[in-house]
Amino acid sequence: MRSLPPLLALGVAVSSAAAWAAPVADPAAAPVAAPVAVLPRLDGSTIRSDEIDAFVAQQIKAEHVTGLGLAIIAHGEVVYVKTFGDRDAAHHLPLQPDTVMYGASFTKAVFGALIASLADDKVLDLDRPVIELLGKSWAEVPRFTELAGDPRAGKITSRMLISHTAGFANLRYLEPDGRLRLHFDPGTAYAYSGEGINLLQLVVEQVTGHPVGDLIRERVLEPLGMSRTSLVWQAQLADNTAIGYDRNGRALGHEQRPAAHAAGSMDTTIADFAAFVAAMVRGKVISGNAKKLLLTPAIEIRYAQQFPTLRMTPTHDNDRVGLAYGLGWGLLTKTPYGVGYFKEGHDDGWGAYALAFDKPGIAVVVMTNSDNGERVFRPILEKVIHDDVTPWAWEGYP
C-alpha cells in the first residue's frame, strides 16, 4: 500500500480548540483561527463549522463531558477536526487533536481491516475451521481448552469470530463459573464477543508467524502516517495523553497496556483515527476487494439490544436500516445514503463512536475521555451530519 499524505497536507480545513493550525510566517505571531467552513450533511443540507463548534460546546457542558474530540469526513477527506474540554482536568490541560486517548474497541475496527486484507491476500481463509488453522486440538490451545468437550467448536471460522457469530459471551468473566462456552451453534446468531477476537488473534499470529501488533502497524498505521497510534503503550507519548473520568468527574487514569490485544488495547488520537476512517471511505487503506469482504454482511441482526450480549430479545425494529455485521464493523445495509458502517469503543472513563457512508463520502468520529461522553453521541451525529438511521436503542446509548 502506498503511503498517504499527512492530514494537514490534504488541503482541507482543520479547526481546533487548541489552535492546531498551519504554521505562520512569523513564529512569534498569534495562531490564525481556522476559517469558517460549510460542511455537507447526509440529507443534502449543509452546516457551518462555527455552528458545530457552538453546539458541541453546549452539549459537553450540559452533560459534564470532560473532553471530546470530533472529526468530520466529507467527500472522503478529513475536513474538520476539533477538540473540546480537558485531557487532564486537575491541571487544566486541554484536549488536543494529537492527544493520545484510549480507543478501546476501535481496535476491532482496525483489526477488521487487517483481517479483510489478509483474506484478500489469500493468507487467511475466512471460512476454514480455525482449529485446522491452529494445527492442534482445543485441549492444546491456551485459554481455550474449555472448548475441547464441545464438538460444535470445530465449526468455528475466522469469519464467525470477526463478525461475532461464534457463540461466545462477550468476556469469560461474565460467565457464572468464569469458563468459556458456546451458547449457540456457531454462525447462527450474533453475540458481540471480545473472547472471539482474542481467539482470532491467536489464529492470525499462527497463520502469519507475526505478532498482531506488528501486522497492524505495518499494514495500516505506518502507511497512513498514524504515528500516535499503537496497540501497546508508548512512553514517548506520555506528555500529551488524556486521563479517563467517571460520570462524577473522578479521574481514572490511563492504563499503560504492555501487550497488543486485537480486542481493545489501542491508544490513538482523534486526528489519527479520522485519517483511518477517511482512508476507509476512500478505499485506500485496504484494497477494493478487501473492503468488499469487510462490508459483506455475515449475519442480519434482529435483536432489540446489543448488550448484554446474550439477551436476545427478538425485534424487527431495525429491518428498515438493514442492521447486520461484517468483518469487525456493524453495517446498515438499507439506508437512503447507501451502506453505512459503524464501530463503538467503550471502557470505564472512555467512549468513542465512528459512522461512515461511502455513497456521499461522509463520516464522523467522536472520542471522549468521560463516562458521560456517550450521552452526546446521538445529538452530535444528528446535528452534524443529520444522521437519522443509527439504531440508537440497539446501541444502548442514552
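The values are calculated or read from the model by the stated rules, or taken from the named source; none is laboratory data. From a predicted model like this one, the values you see are computed outputs, not experimental measurements. We place every Cβ from the backbone using ideal geometry, glycine too, and count neighbours over all the protein chains shown. Quick note on the areas: whole protein, heavy atoms, side chains included, nothing else; ligands and nucleic acids left out. Shrake-Rupley method; radii C 1.70, N 1.55, O 1.52, S 1.80 Å.
Observations on the model:
- Helix-only [θ]222 nm of the chain, DSSP H runs n ≥ 4, -39500 (n - 2.57) each, per residue, nearest 500: -6500 deg cm²/dmol
- Distance from segment 309-343 to segment 61-114 (C-alpha centre basis), Å: 24
- Under a 5 Å amide H cut-off, with hydrogens placed 1.01 Å from N, residue 252 pairs with 244, 245, 246 among residues at least 5 apart or on other chains.
- Over the C-alpha atoms of segment 224-318, the Rg to Rh ratio, Rh being the Kirkwood estimate, stands at 1.06.
- Gain in span if fully extended, residue 393 to residue 248, counting 0.36 nm per residue against the direct Cα distance: 49.8 nm
- Residue 281 accessible area, 1.4 Å probe, all protein chains in place, Å² to nearest 10: 20
- For 386, 210, the ranking by accessible surface with the largest value first comes to 210, 386, using a 1.4 Å probe.
- Based on protein heavy atoms only, segment 206-306 ends up with 43 Å² per residue of surface accessible to a 1.4 Å probe.
- Three principal axis extents describe the C-alpha atoms of the chain; from largest down they are 69, 45, 44 Å.
- From largest to smallest, the equivalent ellipsoid semi-axes obtained for segment 105-174 from the alpha-carbon gyration tensor read 21, 16, 10 Å.
- Additional length obtainable on full extension of the chain from residue 145 to residue 235, 0.36 nm per residue less Cα span: 28.9 nm
- Taking the 1.4 Å solvent-accessible surface of the chain as the whole, the part contributed by carbon and sulfur is 52%.
- DSSP beta bridges in the chain [antiparallel fraction, %, rounded to 5]: 95
- Calculated over segment 36-98: convex hull of Cα atoms, volume per residue (Å³): 91
- The solvent-accessible area of residue 120, taken with every protein chain present and a 1.4 Å probe, is close to 40 Å².
- Accessible surface, 1.4 Å probe, highest first, among residues 152, 378: 378, 152
- Solvent exposure of segment 61-191 as accessible area per residue, Å², 1.4 Å probe: 38
- Computed from the C-beta positions of residue 137 and residue 300 and an R0 of 30 Å, the FRET efficiency is 0.35 to the nearest 0.05.
- Solvent-accessible surface of protein heavy atoms, probed at 1.4 angstrom with all chains present, puts 180, 293, 310 in the order 310, 293, 180, largest first.
- Surface accessible to a 1.4 Å probe, per residue, for the residues of segment 312-376, Å²: 30
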